[in-house]
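Colleague: Dropping the structure in here first, questions after.
Where a number appears in this text, it was derived from the coordinates with a stated rule and is not lab data. Note that the coordinates shown come from a computational prediction; the quantities given were computed from them, not determined experimentally. Heads up, the Cβs are rebuilt from the backbone with ideal geometry, glycines too, and the neighbour counts pull from every protein chain shown.
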Amino acid sequence: MKALVVYESMFGNTKLIAEAVAGGLTRHLDVETVEVGQKPVFGPGVDLVVVGGPTHAFGMTRASTRKSAAEQTEGDLVSRGIGIREWIEGLGAPAESVSAAAFDTRIDKPRLPGSAAAAAQRRLRKLGFRLPTEPESFFVDGTTGPLLADEYERAHLWGEELGSKVFARAPISVRFSPQRTN
């Protein structure tokens, strides 16, 4: 079984969470982790798609919010092209029963409404993906981070649990050998 983890990251925090989620998934699945600007290919053989990005302006990023993020840092952004919003818009319905999940990173305080993960998961559901878990948020200190203590470990555990749910749903093929009797 195979998982595809697609992430968008401005300051590197979402990338770290994507790597932690992928690490947890590897207990149950083969995993490929791809930054969204690399235009990951979702195709046959993928059993789980996990999408993650930062929450900007109460939802998934847009060109204008990515531009604003670029103005807040002296360094380069991790993701400089399209975001998960555009990547999901380019997906078609899965040809078979494929699971999907979404996560986001967001500031810890103040707790604001809206979630990139919830918005992404709604769009994935509309496309026909099966959703074995609720969207998950991981928290950063301020706009640029770093991740709050224990969020990396929590993301790894979330990935493990998600992988377990998807693996448990996999069809079981059992081959019985006939018993010989004399």
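Colleague: Positive end of the dipole of the chain, charges at C-beta (+1 Lys, Arg; -1 Asp, Glu), about the Cα centre: which of T61, G45, P113 has its Cα farthest in that direction?
Modeller: Going by the charge dipole, the pick is G45.
Colleague: Right, next: Give the shape of the chain as rounded, prolate or oblate, defined through the alpha-carbon gyration tensor: a ≥ b ≥ c are the square roots of its eigenvalues, a/c under 1.5 means rounded, and otherwise the shape is prolate if a/b is larger than b/c and oblate if not.
Modeller: Since a/c reaches 1.5 and a/b is larger than b/c, the shape of the chain is classed as prolate.
Colleague: Oh, and also: At most 13 other Cβ atoms within 10 Å and a DSSP loop assignment: could you name the GluC sites (Glu not before Pro) in the stretch 81-157 that fit?
Modeller: E96
Colleague: Moving on. Test of understanding: in a Gaussian network model of the chain with alpha carbons linked when under 10 Å, which of G24, G45, G12 would top the mean-square fluctuation ranking?
Modeller: The residue that fluctuates most here is G45.
Colleague: About its Cα centre, what dipole magnitude does the stretch 1-55 give when the only charges are +1 on Lys and Arg Cβ and -1 on Asp and Glu Cβ, stated in debye to the nearest 20?
Modeller: With only Lys, Arg, Asp and Glu charged at Cβ, the dipole is about 20 debye.
Colleague: Enter the Cα centre distance for the pair the stretch 1-64 and the stretch 86-103, rounded to the nearest angstrom.
Modeller: Here the two parts' Cα centres lie 12 Å apart.
Colleague: Something else about it: Given the chain, what percent of its DSSP beta bridges are antiparallel, to the nearest 5?
Modeller: 10
Colleague: Now for a separate question. Rounded to the nearest 0.05, what FRET efficiency is calculated for K39 and K165 with R0 set to 45 Å and r the Cβ-Cβ distance?
Modeller: According to the calculation, E is roughly 0.95.
Colleague: Scan the stretch 73-134 for trypsin sites (Lys or Arg not before Pro) in coil per DSSP, keeping those whose Cβ has at most 13 other Cβ atoms within 10 Å, and list them by number.
Modeller: When the trypsin sites (Lys or Arg not before Pro) of the stretch 73-134 are filtered for loop state and at most 13 Cβ neighbours within 10 Å, R80, R111 remain.
Colleague: When Lys and Arg each count +1 and Asp and Glu each count -1, what net charge do the other residues less than 10 Å away from R62, Cβ to Cβ, add up to?
Modeller: Taking every Cβ under 10 Å from that of R62, the sum is +2.
Colleague: Evaluate the relative contact order of the stretch 78-174 (contact order divided by residue number), counting alpha-carbon pairs under 8 angstrom at least 6 apart; express in whole percent.
Modeller: It rounds to 28 percent for the stretch 78-174.
Colleague: Nearest 20 debye, what's the magnitude of the dipole of the chain about its Cα centre given +1 on Lys and Arg Cβ and -1 on Asp and Glu Cβ?
Modeller: Around 760 debye, computed over the chain.
Colleague: Here's something else I'd like to know. If you restrict to DSSP beta bridges whose two residues both lie in the stretch 31-121, what percentage is antiparallel, to the nearest 5?
Modeller: 10
Colleague: For every other residue with a beta carbon closer than 15 angstrom to the beta carbon of G75, add +1 if it is Lys or Arg and -1 if Asp or Glu, then tell me the sum.
Modeller: 0
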